[in-house]
Amino acid sequence: MISFSVAFDPNKGIGNKNVMPWHIKEEFKVFRRNTMNKNIVMGQTTYDNLPGKLENRIITVVSIDPNYHPEGVEVTNDLIAFLKEHQFDETEYIICGGASIYRQAYPYAHKAYVSFIKKEYEVDTYFDVFEMSDWNILEQEEYDEFIYRELVRNVDLEDDEILLRHINRDDTQAIYNNWANDPEVSKYVMWDTHKSVEDTKAIMDIWMEQYHKGVIYRYGIVLKSNNELIGMIDVVKFIDGVPEIGYNLARKHWNKGYMTRALGLLCKRLFKDGFKEIIIKAIDENIGSNRVIQKNGFEFIGTRKIIHKDKEVTVNSYKKQLKEE
Ligand SMILES: NC(=O)c1ccc[n+]([C@@H]2O[C@H](COP(=O)([O-])OP(=O)(O)OC[C@H]3O[C@@H](n4cnc5c(N)ncnc54)[C@H](OP(=O)(O)O)[C@@H]3O)[C@@H](O)[C@H]2O)c1
């Protein structure tokens, strides 16, 4: 996975005369915390002008000079090849500037650690390609001189009625109120009805940890008309590299076609990302769910009996292949 770490002022200014325009101790601490023991990547200009050594980080320096070999760092002479090679790695490579490296790496980045400096500074270098609308906020921390946000790439999955976006901790109460506390919603899925919002908070901790670790297909389903979070759809697991999808929808929104739309959007996304096949399973009695799957052109591949919540049930399996798109 490629991510980047950056601090910029209200004009997206990042540097002045080859150095950082500000000295904000708290911001250095945030940078240290985010990059400690990780792989970081920076341009030659930024590396040569570092105010001190960056201990306990594996550093790759980007340079066009084939004779440039500073001690203790890796060097790459081809940034784009490096980005292409590592963009879907489990290992995270954090791009740490400067301007030319940020600009080229931006389209490959799945996550971002951004300090929004509050005051304007004298700058001569900008992170001009950054657009907040490209990102969803995962975490936010307020400091005196800046706001720190951890961001995840906005996947831009929407149609005229619904939008799929990453969830975050601010969604916890809505998830609990809208479907996680409803035994009718949990009846046919693997998880048990949440007894209190504490159960939702516990699973949210796991989801956030998973988001932090890599490229995760888990989205909240939002009604565009009133911004209401009405459900969730995700890849629950990969079976031999084939994604299996699961979903939940608030009961008051059943039978309105929203899940059919959400499933269609996620399938499109997965095929676009290079998956050739998608699997989905539904308990036979769950007529609505089976219908959503069939409406999306999934092909029935078989059934299996399992014990689900102390009862024997029949599970239908379906698959959809890329050529059907
Ligand atoms: N605010 C922040 O968070 C932050 C973080 C880091 C840096 N900065 C600031 O950013 C400024 C430096 O930015 P910069 O753009 O001047 O320098 P830079 O990005 O740090 O380094 C540019 C170097 O990388 C080489 N390079 C660029 N693209 C390459 C590619 N595709 N393959 C191989 N080599 C490549 C360049 O070669 P060429 O010379 O041929 O172009 C040049 O040697 C400084 O002011 C610094 O303080 C700010």
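Here, each number is a calculation from the coordinates, and none is a lab measurement. The structure presented is a predicted model; accordingly, all values stated were derived computationally and were not measured. FYI the Cβ positions are ideal-geometry reconstructions off the backbone, even for glycines, and counts take in every protein chain you see.
Overview of results
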quantity: Length gained when the stretch GLN294-GLU244 is fully extended (0.36 nm per residue, less Cα-Cα span); calculated: 16.5 nm
quantity: Magnitude of the charge dipole, segment 186-230, Cβ model with Lys/Arg +1 and Asp/Glu -1, debye to 20; calculated: 180
quantity: In order through segment 231-239: 3J(HN,Hα) via Karplus (6.51 cos²θ - 1.76 cosθ + 1.60), integer Hz, x for Gly, Pro; calculated: x, 9, 9, 7, 8, 7, 6, 10, 10
quantity: Span-like helix ranges in the chain, DSSP H, alpha carbon extent 18 angstrom or more, Kyte mean at least -1.0; calculated: 197-213, 258-272
quantity: GNM flexibility winner over the chain from HIS212, HIS69, HIS194 (Cα, springs under 10 Å); calculated: HIS69
quantity: Options TYR143, TYR106, PHE238, ranked by Cα towards positive dipole end of the chain, top entry (Cβ charges); calculated: PHE238
quantity: Residues GLN173 and LYS17, FRET efficiency given R0 of 35 Å [Cβ-Cβ distance, rounded to 0.05]; calculated: 0.15
quantity: Cα gyration tensor, the chain - rounded (a/c under 1.5), prolate or oblate; calculated: prolate
quantity: Segment 2-153: antiparallel DSSP beta bridges as a percent of all, rounded to 5; calculated: 45
quantity: Tensor-based shape of segment 157-324 (alpha-carbon gyration tensor, a/c under 1.5 rounded, otherwise prolate or oblate); calculated: rounded
quantity: Only Lys, Arg (+1) and Asp, Glu (-1) charged, at Cβ; the chain dipole about Cα centre in debye; calculated: 1000
quantity: Using θ = phi - 60° and Karplus 6.51 cos²θ - 1.76 cosθ + 1.60, couplings along segment 53-68 (whole Hz; Gly, Pro as x); calculated: 6, 9, 6, 6, 9, 8, 9, 10, 9, 9, 8, 8, 7, x, 9, 8
quantity: Cα lying deepest toward the dipole's positive end in the chain, options GLY288, VAL6, GLY97, charges on Cβ; calculated: GLY288
quantity: Lysines with Cα under 19 Å of LYS195, excluding same-chain neighbours fewer than 8 positions away; calculated: LYS187, LYS309
quantity: Burial ordering of THR60, THR125, fewest other beta-carbon atoms within 10 Å first; calculated: THR60, THR125
quantity: Karplus 3J(HN,Hα) series, Hz, for segment 302-317 with 6.51 cos²θ - 1.76 cosθ + 1.60 (x for Gly, Pro); calculated: x, 10, 8, 9, 9, 8, 10, 6, 6, 9, 7, 9, 9, 10, 8, 10
quantity: Dipole moment magnitude, nearest 20 debye, segment 47-177 about Cα centre, only Lys, Arg, Asp, Glu C-beta charged; calculated: 280
